[in-house]
């Protein structure tokens, strides 16, 4: 897939996963077992996407599926929304949908030794902007019981594709009208960032 909407940098992908970490996790051959879970993107020394770090419930069918076949697909959806012609002076402009999405293919290695790292790093990431970030240590002895119900994994990225349709093809006037119509929204902020 080519074109302006598919010109997504490593930084763009990292921002998408950081801001919208909940992804559908899919194992080939068992799509009915797909489940959403939050993930962290790990990058190599050059900044390229290297792996995804996460956890799954130990008893979830995906754990056995990945043990049998480690290939996984991870589907991320960022900001999205309907764009109405009502916001534009040109009423024969067709409605559209703006969005930022990514599909990451990876080799999944279920590894209980990663469980603490996966849980602690995810919580730290999600709490990063709070004045007094919560930490898993606050659970005390309960943490050990809860962590036994999940297992960590690392998914080494083998390929990815993304599509950011954020008004890159619109004229300045149309773009400004759309952003104005969206107001103070995540989608508007992503559109402005993509335009810069």
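A few comments on the model shown:
- Hits in the range 38-56 - residues which are without any contact (Cβ under 8 Å) to a residue 60 or more places away in the chain, surrounded by fewer than 20 Cβ atoms within 10 Å (Cβ to Cβ) and touching a helix residue (DSSP H, G or I) at 6+ places or on another chain (Cβ under 9 Å): 43, 46, 47, 48
- Among (1) modelled with pLDDT of 95 or more; (2) touching a strand residue (DSSP E or B) at 6+ places or on another chain (Cβ under 8 Å), the one test that residue 179 misses: (2)
- Residue count for the range 121-163, restricted to those that are surrounded by fewer than 12 Cβ atoms within 10 Å (Cβ to Cβ) and within 20 Å of residue 105 (Cβ to Cβ): 2
- The helices (runs of 4 or more DSSP H) located wholly in the range 90-196 that include 1 or more residues which are under 20 Å from the mean Cα position of the chain (by Cα) and closer than 25 Å to residue 14 by Cβ occupy 115-127, 186-195.
The values are calculated or read from the model by the stated rules, or taken from the named source; none is laboratory data. Keep in mind that this is a model prediction, so the values were computed, not measured. Cβ sites come from the backbone with ideal geometry, for glycine too, and all protein chains shown count toward neighbours.
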